Amino acid sequence: MPQIKNVLAIETSCDDTSVAVVNSDNRVLSMESANQDKDHALYGGIVPEIASRNHTYTLLPLVHRVLSKAHLALQDIEGIAVTNRPGLIGALIVGLTSAKSLSMALNIPFIGVNHLEGHLLAPFLVDDSYAPPVDFTFPFLALAVSGGHTSLYVVHELGKYEIIGRTKDDAAGEAFDKFAKILGFDFPGGVKIDQLSQTGDPGFVQFPRGMMSESSLDMSFSGMKSSGMRYVQSITEDEKNKNMNSICASFQEAIVDTLLGKLDLAYKKYRIKNVVLTGGVSANSRLRAKTQEWAKRRQITLAIPPLRYCTDNAAMIGIAGIQRLNRGEMSSMGTGPLPDYLKSDFVNEY
Ligand code: KG4
Ligand code: ZN
């Protein structure tokens, strides 16, 4: 079977517009992303219509920019990879329709990619300043933590992804953002909590760690969010301002303890020595530091892709897409956007 040398990858599942060119050695030849945080901050969360509209403005200019940065013309592209699930339907439609149009115009195959598969394969991406740890390979455990998802996986091989635990309610990033909002910070407030926590006392308030006494790998963050809200309501504005950094550090610690507690439980259950931490929340300095300490203690090979490949990005869609195209898969023009995964995207047990 003739192998495709490069793909143009498009990601528009939520509020980030991202385009990349990825080759069959997993190398990112170029990537350009447009962030919309400012446009949604006013509303305290993502407004789907604004997200879709912004994708329509930014997508094609980004396509031209990545091609020129990779020194390629549209005619040099051999395949298109695009996120078609899960995500906001209007946002997905913008990327998917553009991908289908390019595929038809250039007469090259396209493939619709499960966004989560992208996150799981991101550690294998390569560029001038990142490569996966030496010997990092399948199978591995993955903790994917973002504003929209918080799950634990065993990644057996390309296309064999087993979900072994997931949040029962809020995603960890959502808990960060909601607590930040309670404290009066702009959306998304996770990074603000991280910054203030640097000089705070993580033992100042004991927020609950959800489902930690259970043997299940599922997680919960809504209890700690409600407890955080009750705590903030119970103190005065002066007390809040005086102790802000320690309140943030305590809340952050509860989230980090929960995530790391479940990751350790997964390790004890599966004894897999390769682990990935990914998703936007992996930017959190405390989570990174504590996960690195944990991996050292357990003699685990830990891959934390750089933030550009942890947050929503097109390179991760490119790696999933080119690998699938090169094993003979492609999507038909009838492929539509889906708000959820396909059942076949994940195996329950393997
Ligand atoms: O993966 P991502 O860019 O988008 C999706 O949600 O899919 O993740 C964004 C999330 C937001 O909830 C944001 O507050 C959180 O990641 N985040 C952080 C930090 N940086 C981003 N949370 C805690 N600490 C950070 N430094
Ligand atoms: Zn994501």
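The values are calculated or read from the model by the stated rules, or taken from the named source; none is laboratory data. None of these values were measured; they are calculated from a predicted model. Neighbour counts are summed over all protein chains in view; Cβ atoms, including those assigned to glycine, are modelled from backbone coordinates with ideal geometry. For accessibility, only protein heavy atoms count, side chains too; no ligands or nucleic acids. Shrake-Rupley method; radii C 1.70, N 1.55, O 1.52, S 1.80 Å.
Descriptive notes on the structure:
- Any chance Lys273 is open to solvent by 50 Å² or more (accessible area, probe 1.4 Å), in contact with a Ser or Thr (Cβ under 9 Å, 6 or more places away or on another chain), farther than 28 Å from Ser250 by Cα and of a type in the set (Lys, Arg): yes
- Tally of residues being open to solvent by 30 Å² or more (accessible area, probe 1.4 Å) and under 19 Å from His149 (Cβ atoms) across the range 32-90: 7
- Selection from the range 299-321 of residues that are open to solvent by 20 Å² or more (accessible area, probe 1.4 Å) and within 16 Å of ligand 1 (Cβ to nearest atom): Ile304, Pro306, Leu307, Arg308, Thr311, Asp312
- Among the residues listed as Ala315, Ala320, the single one being in contact (Cβ under 8 Å) with a residue 24 or more places away in the chain, closer than 18 Å to Gly148 by Cβ and not assigned by TED's automatic domain parsing to the domain that holds Phe176: Ala320
- Pro123 open to solvent by 10 Å² or more (accessible area, probe 1.4 Å) and either touching a residue at least 12 places away in the same chain (Cβ under 8 Å) or out of contact with any Phe, Trp or Tyr (no Cβ under 7 Å at 6 or more places or on another chain) (or both): no
- Pairs meeting the criteria (first residue in the range 224-249 and free of Cβ contacts under 8 Å to residues at least 12 places away in the same chain, second residue open to solvent by less than 90 Å² (accessible area, probe 1.4 Å) and acidic (Asp, Glu), beta carbons under 9 Å, at least 6 apart or on different chains) are lacking.
- Test for Leu338: is it assigned by TED's automatic domain parsing to the domain that holds Gln195, of a type outside the set (Phe, Trp, Tyr) and farther than 17 Å from Asp16 by Cβ: no
- Looking only at residues of the range 279-296 that are open to solvent by less than 40 Å² (accessible area, probe 1.4 Å), more than 11 Å from the chain's Cα centre (by Cα) and among the polar types (S, T, N, Q), we find that the one that is farthest from ligand 2 (Cβ to nearest atom) is Thr291.
- Residue that is surrounded by the most Cβ atoms within 10 Å (Cβ to Cβ) [pool: residues in the range 150-201 that are of a type in the set (Ser, Thr, Tyr) and within 16 Å of ligand 2 (Cβ to nearest atom)]: Thr150
- Taken together, Ser146, Ser151 contain a single residue that is farther than 19 Å from Pro208 by Cβ, at pLDDT below 95 and either in the same structural domain as Leu88 (by TED's automatic domain parsing) or among the polar types (S, T, N, Q) (or both), which is Ser146.
- Contact map, the range 181-201: residues that are closer than 14 Å to Gly280 by Cα paired with residues that are open to solvent by 40 Å² or more (accessible area, probe 1.4 Å) and outside any helix (DSSP H, G or I), Cβ distance under 7 Å, separation 6+ or inter-chain. Pairs shown: Pro188/Gly147; Lys192/Phe185.
- Only a single criterion out of (1) within 17 Å of Glu11 (Cα to Cα); (2) open to solvent by 30 Å² or more (accessible area, probe 1.4 Å) is not satisfied by Lys268, namely (1).
- Filter pass, Val28 being of a type outside the set (Asp, Glu), free of Cβ contacts under 8 Å to residues at least 60 places away in the same chain and over 30 Å from Phe185 (Cβ atoms): no
- Taken together, the residues in the range 126-148 that are closer than 24 Å to Asp15 by Cα and open to solvent by 20 Å² or more (accessible area, probe 1.4 Å) amount to 2.
- Taken over the range 10-31, the criterion of being among the acidic types (Asp, Glu) and either open to solvent by 10 Å² or more (accessible area, probe 1.4 Å) or farther than 25 Å from Ile319 by Cα (or both) is satisfied by Asp15, Asp16, Asp25.
- So Leu217, is it within 13 Å of Thr150 (Cβ to Cβ), away from ligand 2 (no atom under 16 Å from the Cβ) and buried (at least 18 other Cβ atoms within 10 Å of the Cβ): yes
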